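Please read the structure below before turning to the comments.
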Amino acid sequence: MKVMVMAGTSDAVKIISKLAELEDIEVIATTTTKYGGDLAVTAGANEIIVGRMGIHEIEDLITVNEIDILIDATHPFAVDASLNAVKSAKSSGIMYIRFERPSIEIPDHEQVFEVSSFEEAAKKAIEIVKENGNYRVMHFAGVSTLHYMIKWINPQFMVARVLPVVYSLKKCLEMGIPSENIIAMQGTFSKNFNMALMEEYGVGVAVTKESGETGGTSTKIAAAIDLEIPIIIVKRPVVNEIKNEITFTDVVDVLNHIHHQNL
């Protein structure tokens with residue numbers, strides 16, 4: 001059986017690693033970055049495809065490689081990727097499985113603000129910094145969403161925590177963020193570590209997205225609350241097209257389903 005995993009998260013790496021242990025399973029992984037591709041190879045993928053793909057590219061990949069099952073383990077905020085994945089699987093007549101990392105419960109706290117989009121997050125951030133007089137914003141939501149902040153806030157006041165890859169660093173510098181305000185790190189960090197970062201940079205507000213426990217959202221919120229720093233949480237987008245598709249929130253359940261299909 002040939003399984004294609006659309007990767008890009010730590011959850012996807014776990015899925016690939018476990019699938020690689022099963023007999024008669026060949027895993028082809030797709031990622032948008034070389035860094036993600038390297039992680040997929042290390043996890044045991046038989047082949048990797050690096051780069052962004054539209055519907056037609058995914059369909060061609062499914063046909064050429066005779067894929068039996070497509071597992072969409074992309075990030076909860078990668079809406080376009082999930083849409084392309086489910087449409088390609090349906091048009092190709094193969095099984096689509098969505099792995100959705102579990103959500104967390106956002107604390108009901110006066111310093112925690114939930115918003116529905118990054119545009120709304122940027123507007124809320126400027127409202128908060130104008131009120132408290134501290135214009136320094138710590139952005140935990142990834143380099144691809146930084147431009148929403150830059151529209152409203154002087155990049156000199158932005159502190160961006162991004163992946164330690166050339167693309168991310170280059171984009172930050174191109175947007176005018178000072179090099180000393182770029183924190184290039186990979187991983188999920190403790191509340192105390194996040195507190196240390198926020199204190200070190202003296203931020204007036206933090207911005208992140210609801211990426212689940214594995215995305216470190218809880219520890220960022222806890223750190224901000226303890227420091228009495230306002231934090232803005234961008235809620236996950238709802239993808240109506242995958243509401244009725246096979247969806248799992250546990251890696252074990254994904255593996256059990258694949259194993260059953262392979263019997």
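Being buried (at least 17 other Cβ atoms within 10 Å of the Cβ) and farther than 17 Å from A85 by Cα is the filter here, so list the residues in region 21-30 that pass it. Those that are buried (at least 17 other Cβ atoms within 10 Å of the Cβ) and farther than 17 Å from A85 by Cα: I25, E26.
Scanning region 197-216 for residues being buried (at least 18 other Cβ atoms within 10 Å of the Cβ) and under 14 Å from V137 (Cβ atoms) gives a total of 8.
Under the condition of being within 22 Å of D80 (Cβ to Cβ) and among the acidic types (D, E), which residue from region 207-263 is modelled with the lowest pLDDT? Restricting to residues being within 22 Å of D80 (Cβ to Cβ) and among the acidic types (D, E), the top hit is E241. Of all residues in region 79-92, those that are over 15 Å from T31 (Cβ atoms) have Cβ atoms under 9 Å from Cβ atoms of residues that are of a type in the set (F, W, Y), 6 or more apart or on another chain, in V86/Y96; S88/Y96; A89/Y96; K90/Y96.
Of all residue pairs spaced 6 or more apart or on separate chains, those with beta-carbon atoms under 7 Å, a first member in region 93-104 that is over 14 Å from A12 (Cα atoms) and a second member that is modelled with pLDDT under 90 are S103/G212; I104/G212; I104/E213.
Being buried (at least 19 other Cβ atoms within 10 Å of the Cβ) and either within 26 Å of V115 (Cα to Cα) or of a type in the set (S, T, Y) (or both) is the filter here, so list the residues in region 82-95 that pass it. Correct list: S82, N84, S88. Scanning region 46-72 for residues that are modelled with pLDDT under 95 and closer than 30 Å to I233 by Cβ, we see that the one that is least open to solvent (accessible area, probe 1.4 Å) is M53.
Residues of region 106-164 being surrounded by fewer than 20 Cβ atoms within 10 Å (Cβ to Cβ), of a type in the set (K, R) and either closer than 22 Å to G212 by Cα or in contact (Cβ under 8 Å) with a residue 40 or more places away in the chain (or both), which ones? Of everything in region 106-164, those that are surrounded by fewer than 20 Cβ atoms within 10 Å (Cβ to Cβ), of a type in the set (K, R) and either closer than 22 Å to G212 by Cα or in contact (Cβ under 8 Å) with a residue 40 or more places away in the chain (or both) turn out to be K124, R136. For the residues G37, G44, the requirement of being at positive phi and in contact with a strand residue (DSSP E or B) (Cβ under 8 Å, 6 or more places away or on another chain) singles out G44.
Does N65 satisfy the condition of being more than 21 Å from the chain's Cα centre (by Cα) and farther than 30 Å from W152 by Cα? Yes.
V129: within 27 Å of D226 (Cβ to Cβ), modelled with pLDDT of 95 or more and not in a loop (DSSP other than H, G, I, E, B), yes or no? Taking the combined requirement at face value, the residue does not satisfy it.
So that you can scan it fast, the table gives a plain yes or no per residue for (1) of a type in the set (V, I, T); (2) outside any helix (DSSP H, G or I):
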| site | (1), (2) |
| --- | --- |
| E114 | no, yes |
| K124 | no, no |
| Q156 | no, no |
| V159 | yes, yes |
| Y167 | no, no |
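Checked against (1) outside any loop (DSSP other than H, G, I, E, B); (2) touching a Ser or Thr at 6+ places or on another chain (Cβ under 9 Å); (3) surrounded by fewer than 20 Cβ atoms within 10 Å (Cβ to Cβ); (4) among the polar types (S, T, N, Q), S103 passes all but a single condition, namely (1).
Looking at region 1-27, I want the residues that are free of Cβ contacts under 8 Å to residues at least 60 places away in the same chain and closer than 18 Å to I49 by Cα and have a partner that is open to solvent by less than 10 Å² (accessible area, probe 1.4 Å) and assigned to a loop (DSSP other than H, G, I, E, B) with Cβ atoms under 9 Å, at least 6 apart or on another chain. Which pairs are those? So the pair list comes out as V13/A73; I16/A73.
The residue that is surrounded by the fewest Cβ atoms within 10 Å (Cβ to Cβ), among those in region 181-196 that are assigned to a helix (DSSP H, G or I) and under 21 Å from the mean Cα position of the chain (by Cα), is F193. One residue stands out in region 182-206 among those that are in contact with a Lys or Arg (Cβ under 7 Å, 6 or more places away or on another chain) and over 21 Å from K123 (Cβ atoms): the one that is modelled with the lowest pLDDT, namely M185.
Annotation: of all residues in region 217-245 being exposed (fewer than 15 other Cβ atoms within 10 Å of the Cβ) and either of a type in the set (S, T, Y) or more than 17 Å from the chain's Cα centre (by Cα) (or both), the one that is farthest from F118 (Cα to Cα) is N244.
The values are calculated or read from the model by the stated rules, or taken from the named source; none is laboratory data. Here the structure is a predicted model, which means the values were calculated and not measured. Here the Cβ is made from the backbone with ideal geometry for all residues, glycine too, and neighbour counts use every protein chain on show. What goes into the accessible areas is simple: the full protein's heavy atoms, side chains included, and nothing from ligands, DNA or RNA. Shrake-Rupley method; radii C 1.70, N 1.55, O 1.52, S 1.80 Å.
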